[in-house]
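The next block holds one structure in the form of structure tokens; read it before the comments.
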Ligand SMILES: C[S@@+](CC[C@H](N)C(=O)[O-])C[C@H]1O[C@@H](n2cnc3c(N)ncnc32)[C@H](O)[C@@H]1O
């Protein structure tokens, strides 16, 4: 998979050199290229923003650097991947479609993602029209119903969620199957050794005895029940009518 990120704060993406994604990059599973949008400006101040037409607070990102950036990144990517390969261009945007695990699954199959990090009040609307006219596939992805200062944090989160689903990135692929949201539920509670833990307040805490039984069928059934209960309590919106609170069981 190739990932390009266009931003005015390339340093913000430094964490993509760490941990699982850093290793995936070194192993050649993911090629991440970070670009400074200001490289496609032509004035002394490397200006990427201007005041909103029609008035209003804040600044808007100018269309010209974005158009040049996309053309250059597309040409660069196609040199590496092949002339016929096209990217999915993702704009993190609080007014976009909520990013979810299903989106991460879908995008983990993509050969090429280009992320465009907005700043200020956002990007001039004509950039989206221009890209659509050129035939780019575009997605506006929201990290949640709140407003960040820029798209970089969203790109870090989305990239991590996507890349860990790329085959080979997470060593034990089975661990991805039972996670929260992988099957529309939250994960069951987790425990490790010691089986009896005397906490600092002097309370002796046992793990649920079923986990020590060695009966894998019963453990799986218990975990499923726990996951369902936890989802009912914390995120009833994830459950269908059959499993929702108040439904007969
Ligand atoms: C200050 S925000 C702009 C908010 C915009 N004026 C609005 O009201 O929708 C600047 C940039 O941060 C990013 N951003 C902010 N909140 C986000 C969220 N919840 N999800 C994804 N990206 C977000 C986007 O790239 C956005 O262009």
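Derivation of every value follows stated rules applied to the coordinates shown; laboratory data play no part. Here the structure is a predicted model, which means the values were calculated and not measured. When we count neighbours, we look across all protein chains shown, and the Cβ atoms used for this are built from the backbone with ideal geometry, even at glycine.
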Exercise. Of the residues that make up region 199-213, is at least one more than 25 Å from residue 239 (Cα to Cα), part of a helix (DSSP H, G or I) and touching a helix residue (DSSP H, G or I) at 6+ places or on another chain (Cβ under 9 Å)?
Worked result: yes
For this session: Return the total of residues in region 173-182 being surrounded by 14 or more Cβ atoms within 10 Å (Cβ to Cβ) and more than 17 Å from the chain's Cα centre (by Cα).
Result: 1
Exercise. Considering only residues of region 2-41 that are within 18 Å of residue 123 (Cα to Cα) and assigned to a loop (DSSP other than H, G, I, E, B), which is farthest from the chain's Cα centre (by Cα)?
Worked result: 41
Exercise. Do we have residue 125 as within 16 Å of the ligand (Cβ to nearest atom), out of contact with any helix residue (DSSP H, G or I) (no Cβ under 7 Å at 6 or more places or on another chain) and free of Cβ contacts under 8 Å to residues at least 24 places away in the same chain here?
Worked result: yes
Problem set entry | Qualifying residue in region 49-67 (condition: farther than 24 Å from residue 143 by Cα and buried (at least 18 other Cβ atoms within 10 Å of the Cβ)) | yes
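Residues checked against (1) within 16 Å of the ligand (Cβ to nearest atom); (2) over 16 Å from the mean Cα position of the chain (by Cα):
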position: 110; (1), (2): no, no
position: 116; (1), (2): yes, no
position: 119; (1), (2): yes, yes
position: 154; (1), (2): yes, no
position: 165; (1), (2): no, no
position: 169; (1), (2): no, no
position: 187; (1), (2): no, yes
position: 192; (1), (2): no, yes
position: 197; (1), (2): no, yes
